[in-house]
Amino acid sequence: MITDPPIASSDTWNTPASFLELVRAVMGGIDVDPASNEDAQAVVHAATFYTLATNGLAREWTGRVYLNPPYSDPSPLVLKLLGELDAGRATEAIVLVNARTGSGWFQALAVRAWRCDVRKRIKFWRPERPEGSTGRTSSVAFYVGPHVRRFARVFRPLGTVTSPAAGIRDKKPCAVCGGPVEAVRGDAVTCSDRCRKRLERTRKKAASASMAA
């Protein structure tokens, strides 16, 4: 995940190798790690990775994506991932996040992704603490892609595996809050004017970052 300065050390939660072995067991490899750092790649081994300096939000994510976003603000990267999946560039993805079930970005994942509610707190690591330290909250691993049975089999030892949120799977999820889109227009991606304006602000921010890159 992104940890280059000036992001605070409290936002540095590199994924342990044992968890990444499961990620590779499901997807076969990692093509893009869009929120990473040089130290993390010692265990991630992504074909392409982006840091704070190279700005993954301004890039296209092609193929198999592993996303462990900065936990202080996962929303921009999660929404970016959903956009890459919708565009067909990202073919499958595993996302490791805190269990912040009331957040819009979490709900946006929950309505379209299989998930594993991890029972034990994951030991994330930093270069100064390679043995790892337990996260402050419980973690959830989300999966979007064609290998759902494999995901369920591989991740079930870690915790309960469930399918996308029942009852609204046939409706398009709002790109911002994750709620069902009730709209006449088939190209609508948000459920309300409030979410539409928020999405526009996020896209403008990403566009400005792309121009600056």
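Assorted remarks:
- Close pairs from region 63-89: first at positive phi, partner assigned to a loop (DSSP other than H, G, I, E, B), Cβ under 6 Å, at least 6 apart: 63/31
- Each residue in region 43-67 was checked for being polar (S, T, N, Q) and modelled with pLDDT under 95, and 3 pass.
- The set of residues in region 13-38 being surrounded by 24 or more Cβ atoms within 10 Å (Cβ to Cβ) and among the hydroxyl-bearing types (Ser, Thr, Tyr) consists of 36 alone.
For every residue, the table says whether it meets (1) surrounded by fewer than 15 Cβ atoms within 10 Å (Cβ to Cβ); (2) outside any loop (DSSP other than H, G, I, E, B); (3) at pLDDT 95 or above.
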{"residue": "112", "(1), (2), (3)": "no, no, no"}
{"residue": "116", "(1), (2), (3)": "no, yes, yes"}
{"residue": "151", "(1), (2), (3)": "no, yes, yes"}
{"residue": "154", "(1), (2), (3)": "no, yes, yes"}
{"residue": "175", "(1), (2), (3)": "no, no, no"}
{"residue": "184", "(1), (2), (3)": "yes, no, no"}
{"residue": "190", "(1), (2), (3)": "no, no, no"}
{"residue": "201", "(1), (2), (3)": "yes, yes, no"}
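- Just one of the listed residues (42, 47) is over 22 Å from residue 189 (Cβ atoms), touching a helix residue (DSSP H, G or I) at 6+ places or on another chain (Cβ under 9 Å), without any contact (Cβ under 8 Å) to a residue 24 or more places away in the chain and surrounded by fewer than 17 Cβ atoms within 10 Å (Cβ to Cβ), namely 42.
- Flag for residue 25 being of a type in the set (A, V, I, L, M) and either under 24 Å from residue 72 (Cβ atoms) or part of a loop (DSSP other than H, G, I, E, B) (or both): no
The values are calculated or read from the model by the stated rules, or taken from the named source; none is laboratory data. Predicted model, so just to flag it, every value in this text is computed and none were measured. No Cβ is skipped: glycine too gets one built from the backbone with ideal geometry, and neighbour counts run over all protein chains shown.
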